[in-house]
Amino acid sequence: MSVSQHIITVGMVVIGTMLTRFLPFLIFPSGKPTPKFVQYLGKYLSVAVFGLLVVYCLKDVDVFSFSYGLPELISIIIVILLHLWKRQMLISIAAGTVCYMLLVQFVF
């Protein structure tokens, strides 16, 4: 890339970052109530994204070949139990990931 292309790229990144940071404050000022559809998205979109991630992660699990989906099942159970116990999403996800990697590498 030439110098002018570098400058244009950096400028576009700056503009994109500024738009994503400032646009919500311009569209939804603090004096006005937040629209109902934005409140709905804020309430349910994160749950939908996590559901989509679970489906995506489990889509290639073959329950008819060796390991029979046991590493995934054990890790999911650990995530659920840890989340019910500690109520800390990051701890639950990290422990489930570590458990899955250890099971795949050393057990199955």
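The values are calculated or read from the model by the stated rules, or taken from the named source; none is laboratory data. Treat the numbers as computed from the prediction; the structure is a model and nothing was measured. So basically every Cβ, Gly included, is an ideal-geometry build from the backbone, and we count neighbours across all protein chains shown. The protein model used for the area step is the full one, side chains on, heavy atoms only, and it has no ligands, DNA or RNA in it. Shrake-Rupley method; radii C 1.70, N 1.55, O 1.52, S 1.80 Å.
Brief remarks follow.
- Low-density loop positions, chymotrypsin sites (Phe, Trp or Tyr not before Pro), region 60-105 - DSSP coil, at most 15 other Cβ in 10 Å: Phe64, Phe66, Tyr68
- The chain: relative contact order as a whole-number percent, Cα under 8 Å and 6+ apart: 16 percent
- Qualifying trypsin sites (Lys or Arg not before Pro) in region 52-97, where qualification requires a DSSP coil assignment and no more than 15 other C-beta atoms within 10 Å, comprise Lys59, Arg87.
- Accessible surface area normalised per residue over the chain is 86 Å², counting heavy atoms of protein chains with a 1.4 Å rolling probe.
- Under the membrane-span-like helix rule (DSSP H runs whose alpha carbons stretch at least 27 Å along the helix axis, mean Kyte-Doolittle hydropathy -0.5 or higher), the chain yields 3-27, 36-58.
- Label-to-label distance, nm, for residues given as Val13 and Val61 (7 Å Cα→Cβ offset): 3.8 nm
- With 0.36 nm allotted per residue and the present C-alpha distance subtracted, the Ile93-Leu45 stretch has 15.4 nm of extension available.
- Taking every alpha-carbon pair in the chain and binning the separations at 5 Å intervals from zero gives 2, 9, 11, 13, 11, 10, 10, 11, 11, 8, 4, 0 percent.
- Extension gain (nm, one decimal) between Val107 and Ile74, 0.36 nm per residue minus Cα-Cα: 10.7 nm
- Taking 0.36 nm per residue of separation and subtracting the current Cα-Cα distance, fully stretching the chain between Leu81 and Val54 would add 8.1 nm.
- For the chain, the fraction of 1.4 Å probe accessible surface lying on carbon and sulfur atoms is 75 percent.
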